[in-house]
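No lab work stands behind these numbers, since they all come straight from the coordinates. Quick caveat, the model's predicted, so the values are computed rather than measured. As a convention, Cβ positions derive from the backbone with ideal geometry for all residues, glycine included, and neighbour counts pool all protein chains shown.
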Number of protein chains: 2
Amino acid sequence: MFVETGQDRRLEHVPTHPDWVAEIRGRVRAHVDETVRLRCAEHVHSMRGADFVAGVLSDFVGRGKYLRSMFGYLGWRAAAPDSPAALAAVSGLELLHAFALLQDDVMDRSQLRRGRPTVHVQLASWHRGQGMSGCPDRFGESGAVLLGDLCLVWAEQAMRESGLPRAVLDRGWPRYDEMRSELAVGQFADLLNEARRVPTLDEVMDVLRRKSGNYTVRRPLELGAAMAGAAPELLAALGDYGTMVGEAFQMRDDVLGVFGTDATGKSAGDDLAERKATSLVVLAREVAGPATRGALDALLHGSDEADGPVDVAAARVAIESTGARRRIEELIATRVQSALRLVDGAVADGVLGDDVAAVLRAMAVRCADRVS
Amino acid sequence: MFVETGQDRRLEHVPTHPDWVAEIRGRVRAHVDETVRLRCAEHVHSMRGADFVAGVLSDFVGRGKYLRSMFGYLGWRAAAPDSPAALAAVSGLELLHAFALLQDDVMDRSQLRRGRPTVHVQLASWHRGQGMSGCPDRFGESGAVLLGDLCLVWAEQAMRESGLPRAVLDRGWPRYDEMRSELAVGQFADLLNEARRVPTLDEVMDVLRRKSGNYTVRRPLELGAAMAGAAPELLAALGDYGTMVGEAFQMRDDVLGVFGTDATGKSAGDDLAERKATSLVVLAREVAGPATRGALDALLHGSDEADGPVDVAAARVAIESTGARRRIEELIATRVQSALRLVDGAVADGVLGDDVAAVLRAMAVRCADRVS
């Protein structure tokens with residue numbers, strides 16, 4: 001599960017180039033919008049509802065925050081000057097992300113995403129409104145999976161057709177391929193964690209890194225930097241920074257998944273309602289005394305025979321009582337501090353410029369401290 | 001829906017190089033097996049059930065008939081000499097096909113494929129046997145979708161990493177990309193056809209071409225030929241041949257989907273049970289008199305309020321009574337004749353060699369006349 005928030009009020013407290021962040025995002029957004037428009041015009045036609053389907057997909061992709069493309073571009077800029085072709089290549093990461101969200105939301109049966117009904121819910125509503133035969137929910141889920149497939153294909157095309165020279169792309173493909181497979185396998189492992197009663201925190205953190213953390217920050221950064229021909233020391237620093245910020249990002253997700261509000265663009269308490277074994281929930285269970293642990297297990301798992309809806313409010317209270325939320329906040333803060341130190345070190349070692357460093361610092365805080 | 005049969009007893013009546021066909025298939029199979037083994041070792045590990053999941057996927061891919069890769073290689077061989085790299089590139093088409101089948105079977109809720117329970121059914125059984133919490137069927141469906149995603153990614157990697165020179169691959173990518181998007185959009189259109197009460201035969205044939213016919217024969221042939229640098233006349237002849245054989249292939253699928261037996265490796269009567277508007281069903285409705293049409297509609301659609309299971313036996317009798325099966329057989333035979341004439345013409349024009357022509361003739365009959 002991924003949570004995406006709106007404004008980040010903490011950003012202003014960090015020295016950065018806000019205009020530059022906004023500019024990168026604007027350029028990525030324009031490129032992604034155009035890609036989706038062109039691909040839909042090329043392929044999504046000659047069937048009932050083609051315009052509606054293309055509209056749903058464009059709107060969905062267009063409401064992203066473009067974090068992954070921005071990290072990809074920052075990775076590039078850490079080692080090379082501005083390049084529209086590089087920006088085009090990493091903009092495909094937004095489509096890769098759209099693929100993951102579209103299918104993830106089907107698997108989780110999520111209802112809200114980016115402040116709107118999820119795509120499979122929108123497709124189901126349309127099907128219902130058209131008065132067609134067959135099951136609307138089933139149509140919505142299948143349709144969203146297929147739109148995800150298209151985004152996965154188009155993401156790869158965006159990179160291959162970016163205009164970057166072959167030698168540059170060839171430095172990126174191994175990392176790109178690794179990221180794609182890791183994403184799917186990570187989601188698979190996540191399904192298993194949901195299905196198990198009691199994963200350990202280590203297992204949860206492993207899934208968290210593989211499924212979300214890595215591909216949100218670390219892999220995009222490394223992809224951009226590798227294509228730009230970054231030195232091994234720079235690649236290593238960016239990779240470590242990416243691990244720290246990615247874990248912080250996902251743990252923030254997990255906190256918002258329990259204590260978040262509608263401002264996340266998702267349903268509040270979704271993780272609890274879905275009985276997901278997130279870092280926060282598993283940590284709460286591990287640090288709880290026997291009584292609270294028993295209460296949590298009863299709230300979140302009930303019995304196999306009678307799985308009623310989860311009492312979200314009661315589960316929140318139980319989790320809060322363990323102190324796990326504070327512990328997770330400490331873990332997040334630790335990771336942000338490590339990330340900032342890594343940036344400082346790279347600057348001190350002369351492998352990273354001040355301008356990119358400033359944006360990386362701001363992005364670390366932005367990812368870890370999304371205000372709900 | 002795709003139907004895949006076992007032995008083809010008609011092949012021996014056609015002049016061909018059976019040893020060559022068997023040799024190509026053996027080489028493709030070995031390459032695909034090795035690819036799946038390597039990719040699973042690389043990515044599918046460090047999670048519960050990893051060996052089981054890898055085994056299910058390997059077994060599933062390994063039970064294919066490798067039609068698409070064989071057509072891809074024949075397209076190559078129509079214009080260029082034998083090349084292990086070309087064979088490696090087109091072997092990825094088998095993984096693309098695995099992607100389509102894995103997700104298609106989830107969307108259709110199919111139970112049998114290639115003579116075994118479908119992958120999502122196998123995953124669900126495993127989940128149930130492990131006694132994990134959560135819904136086994138849901139796990140099975142999500143898991144199969146994710147394995148499909150991996151196959152889609154690995155298919156593209158097989159082509160890119162085949163060892164073919166860049167210039168050769170660049171002649172293939174536009175066709176490859178077109179095929180992938182067409183496949184997903186075709187499946188989407190198929191969902192809409194299932195959901196509509198009465199599509200026209202033209203609409204059904206359009207979906208049939210886009211979803212299955214094109215990507216089974218025409219696109220693989222064109223892909224191989226284009227990479228080999230085939231002349232426009234040869235490309236055109238192969239494309240037309242591919243359209244004819246692809247349509248015949250899919251119409252045979254539709255006949256087997258209604259009248260097939262267990263020898264297809266799928267459940268008999270599946271298309272009827274799923275109320276699919278296949279070419280055979282829609283043609284039957286179009287040529288039926290008012291009484292039979294009414295009976296067919298009642299059998300296949302019932303009322304929105306009470307959709308009980310379809311009476312497959314009664315629907316078969318009603319379809320047979322319209323004469324639609326005979327008409328479809330005529331349409332299939334017409335297409336095979338056209339395909340054979342196209343091959344003869346290409347040989348006469350000197351754009352196609354005798355050896356590849358003989359195999360193409362045999363493959364036309366094999367695809368159109370799969371013995372159930």
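Between identical copies, the spacing of A:Gly62 label points, each set 7 Å from Cα toward the C-beta atom, reads 4.9 nm from nearest to farthest. Taking the charge dipole of chain B about its Cα centre, with +1 at Lys and Arg Cβ atoms and -1 at Asp and Glu Cβ atoms, the residue from B:Met132, B:Met107, B:Ala314 reaching farthest to the positive side is B:Met132. Between B:Ala80 and A:Gln111, the simple label model (points 7 Å from Cα in the Cβ direction) yields a spacing of 5.5 nm. Summary for A:Asp170: label point 7 Å along Cα→Cβ; distances to the equivalent points in the other copies, ascending, 1.3 nm.
Legend: mean number of C-beta atoms from other chains within 10 angstrom of residue C-beta atoms, peptide A:146-155, equals 6. Each residue of segment B:92-103 is assigned a 3J(HN,Hα), and the resulting list reads x, 4, 5, 6, 4, 5, 4, 3, 5, 5, 4, 7 Hz, derived from the Karplus form 6.51 cos²θ - 1.76 cosθ + 1.60 (θ = phi - 60°), x at Gly and Pro. Peptides A:86-99, A:288-301, ordered by how many other C-beta atoms sit within 10 Å of their residues on average, highest first, read A:86-99, A:288-301.
Legend: calculated FRET efficiency, A:Ser125 to B:Ala314, from the Cβ-Cβ distance at R0 = 41 Å, rounded to 0.05, equals 0.75. Summarising the label geometry, the points placed 7 Å from Cα in the beta-carbon direction at A:Arg326 and A:Arg63 lie 3.7 nm from one another. For the residues of A:130-136, the average number of beta carbons from a partner chain within 10 Å of their own beta carbon is 6.
Evaluating 6.51 cos²θ - 1.76 cosθ + 1.60 at θ = phi - 60° for every residue in segment B:350-360, the Karplus couplings come out as x, 9, 9, x, 5, 5, 5, 4, 4, 5, 5 Hz, glycine and proline recorded as x. Residue by residue, segment A:65-78 carries 3J(HN,Hα) couplings of 9, 6, 4, 5, 5, 5, 5, x, 5, 5, x, 4, 5, 5 Hz when phi is fed to the Karplus relation 6.51 cos²θ - 1.76 cosθ + 1.60 (θ = phi - 60°); x denotes Gly or Pro. FRET efficiency for the B:Ala22 to A:Ala348 pair, using the beta carbon distance and R₀ = 51 Å, is estimated at 0.20. Computed about the Cα centre, the dipole magnitude for the protein assembly as shown is approximately 40 debye when only Lys and Arg (+1) and Asp and Glu (-1) carry charge, each at its Cβ. Near A:Leu112, the amide H atoms lying under 5 Å from its own belong to A:Thr118, A:Ser267; only residues 5 or more places off or on other chains count, and H is placed 1.01 Å from N.
Assuming charge only on the beta carbon of Lys and Arg (+1) and of Asp and Glu (-1), the dipole of segment B:115-255 about its Cα centre is about 340 debye to the nearest 20. Per-residue shielding of B:101-110, expressed as the average number of other chain Cβ atoms within 10 Å of the residue Cβ, stands at 2. The other copies place their B:Gly229 label points at 3.0 nm from this one, listed shortest first, where each point is 7 Å from Cα along Cα→Cβ.
On the beta carbon distance between B:Leu38 and A:Asp51, with R0 = 60 Å, the FRET formula returns roughly 0.90. Against the empirical 2.2 N^0.38 Å (N residues), segment B:11-368 has a Cα radius of gyration ratio of 1.02. Take each peptide in A:308-317, A:238-247, count the other Cβ atoms within 10 Å of every residue, and average; sorted highest first, the result is A:238-247, A:308-317. Using alpha carbons only, what's the Rg to Rh ratio of the protein assembly as shown with Rh from Kirkwood? With Rh from the inverse mean 1/r over Cα pairs, Rg/Rh is 0.99. Projected label points at B:Ala298 and A:Cys135, each 7 Å from Cα along the beta carbon direction, are separated by 2.7 nanometres.
What residue among B:Arg210, B:Arg327, B:Arg113 shows peak mean-square fluctuation when chain B is described by a Gaussian network model with Cα springs under 10 Å? Judging by the Gaussian network model, the answer is B:Arg327. Segment B:231-262 and segment A:127-144 have Cα centres lying 30 Å from one another. Helical runs assigned H by DSSP (4 residues or longer) give chain B a calculated mean residue ellipticity at 222 nm of -23500 deg cm²/dmol, each run adding -39500 (n - 2.57) before division by the residue total. Close amide H contacts of A:Glu161 (hydrogens built in the peptide plane, cut-off under 5 Å, sequence separation of 5 or more or a different chain): none are found.
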